Amino acid sequence: MTSARRSGTKGVARADREEQILDVAGRVFGARGFAATSVADIAREAGISKPLIYHYFGSKEGLFERCLREAADLLIGEIERSAGLGAVGLRRALVTLDGVFVVLAERPWAWAVANDPTAPTTDGAGELGGSYRRRLEELAREGVGELLSLAGDDDVLDLDAMTTVWSNVFASLVTWWCEHPGIAPEEMSARCERLFGAVFGVVPESPARD
């Protein structure tokens, strides 16, 4: 893994210091996963002492929870923003993906942290992860519901099935992109547009960034 940016702590305000540590920790957790990461790993990458991490965050679990909160807020915030733009159907799907690619370009670790299969399932991190997944499903159902409504389909089981399909497509596309860091967000958005066109037989208008 490429060495994370060292945080340096002398003379730095606590809020800024915590943010520096969180940035390094997010990168390490994102690259290795919660289970394979130790506080010593993060301290070494950040160029600080283990006691400082314990002083600020209490434990590895506490530090991961803070990273997870940042990741979940980033992703859910962007998907909610995209939903508020008024796009419907396949265009909404493209706008949503485009927005996620853009925000992850600066914090690529956020996707891995938010979807870490080794993350704690109890206490604060477990509750936060569950809340993130429920909100993600709600937004997926909302978008899929609009798409099916446009097609005149109001079958509840169709909605359940298609929500599962879309959730997996969405996750697979974002995961694939994260595994190919040389691809710029706009390139990946264009690729999604081509794929949607090939699958659905239409090419929605290109998503416009604000």
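The values are calculated or read from the model by the stated rules, or taken from the named source; none is laboratory data. Owing to the predicted nature of the structure, the values given are computational and were not obtained by experimental measurement. Ideal geometry is used to build each Cβ from the backbone, glycine not excepted, and the neighbour counts take in all protein chains shown. Ligands, DNA and RNA are stripped out before the accessible areas are found, and what is left, the full protein with its side chains, is counted by its heavy atoms. Shrake-Rupley method; radii C 1.70, N 1.55, O 1.52, S 1.80 Å.
Is at least one residue of the stretch 79-86 in a helix (DSSP H, G or I), under 30 Å from R14 (Cα atoms) and of a type in the set (D, E, K, R)?
No - not one qualifying residue is present in the stretch 79-86.
Scan the stretch 150-157 and give yes if some residue there is farther than 26 Å from S38 by Cβ, within 16 Å of the chain's Cα centre (by Cα) and aliphatic (A, V, I, L, M), otherwise no.
Within the stretch 150-157, the first condition is being farther than 26 Å from S38 by Cβ, and the residues that meet it are 150-157.
Now restrict to residues that are within 16 Å of the chain's Cα centre (by Cα): none.
Checking the stretch 150-157: not a single residue is farther than 26 Å from S38 by Cβ, within 16 Å of the chain's Cα centre (by Cα) and aliphatic (A, V, I, L, M).
Do you know which residues across the stretch 161-202 are open to solvent by less than 50 Å² (accessible area, probe 1.4 Å) and of a type in the set (G, A, S)?
Correct list: S167, A171, A184, S189, A190, G197.
Is it fair to say G77 is under 25 Å from C192 (Cβ atoms) and either open to solvent by less than 40 Å² (accessible area, probe 1.4 Å) or at pLDDT 95 or above (or both)? Step through it out loud before you land on a result.
Values: under 25 Å from C192 (Cβ atoms): yes; either open to solvent by less than 40 Å² (accessible area, probe 1.4 Å) or at pLDDT 95 or above (or both): yes.
So G77 passes the test.
Mind telling me which of the residues T118, T122, T163 ends up being modelled with pLDDT of 95 or more and within 20 Å of F64 (Cα to Cα)? Steps first, answer last, please.
Working: T122 fails: modelled with pLDDT of 95 or more; T163 fails: within 20 Å of F64 (Cα to Cα).
T118 is the lone residue from the list that is modelled with pLDDT of 95 or more and within 20 Å of F64 (Cα to Cα).
Mind listing just one residue for me: the one in the stretch 90-127 that is assigned to a helix (DSSP H, G or I) and of a type in the set (K, R) and, of those, nearest to V199 (Cα to Cα)? Break it down into steps so the answer makes sense when it comes.
Restricting attention to the stretch 90-127, the residues satisfying the condition of being assigned to a helix (DSSP H, G or I) are 90-106, 109-114, 123-127.
Narrowing the set further to residues that are of a type in the set (K, R) leaves 91-92.
Details: R91: 14, R92: 16 Å.
The selected residue is R91.
Consider the stretch 151-203. How many of its residues are part of a loop (DSSP other than H, G, I, E, B), more than 24 Å from E106 (Cβ to Cβ) and in contact (Cβ under 8 Å) with a residue 40 or more places away in the chain?
Of the residues in the stretch 151-203, 1 are part of a loop (DSSP other than H, G, I, E, B), more than 24 Å from E106 (Cβ to Cβ) and in contact (Cβ under 8 Å) with a residue 40 or more places away in the chain.
Does the stretch 136-147 contain any residue that is in contact (Cβ under 8 Å) with a residue 24 or more places away in the chain, out of contact with any Gly (no Cβ under 6 Å at 6 or more places or on another chain) and among the small types (G, A, S)? Full working, then the answer.
Residues of the stretch 136-147 in contact (Cβ under 8 Å) with a residue 24 or more places away in the chain: 136-137, 139-140, 142-143, 146-147.
This time we only want the ones that are out of contact with any Gly (no Cβ under 6 Å at 6 or more places or on another chain), so: 136-137, 139-140, 142-143, 146.
Retained after the next criterion (residues that are among the small types (G, A, S)): 140, 143.
The answer is yes, given that some residue of the stretch 136-147 is in contact (Cβ under 8 Å) with a residue 24 or more places away in the chain, out of contact with any Gly (no Cβ under 6 Å at 6 or more places or on another chain) and among the small types (G, A, S).
Return yes when R141 is part of a helix (DSSP H, G or I), open to solvent by less than 40 Å² (accessible area, probe 1.4 Å), farther than 23 Å from R27 by Cβ and of a type in the set (K, R) and no when it is not. Reasoning before the result, please.
Values: part of a helix (DSSP H, G or I): yes; open to solvent by less than 40 Å² (accessible area, probe 1.4 Å): no; farther than 23 Å from R27 by Cβ: yes; of a type in the set (K, R): yes.
Criteria not met by R141.
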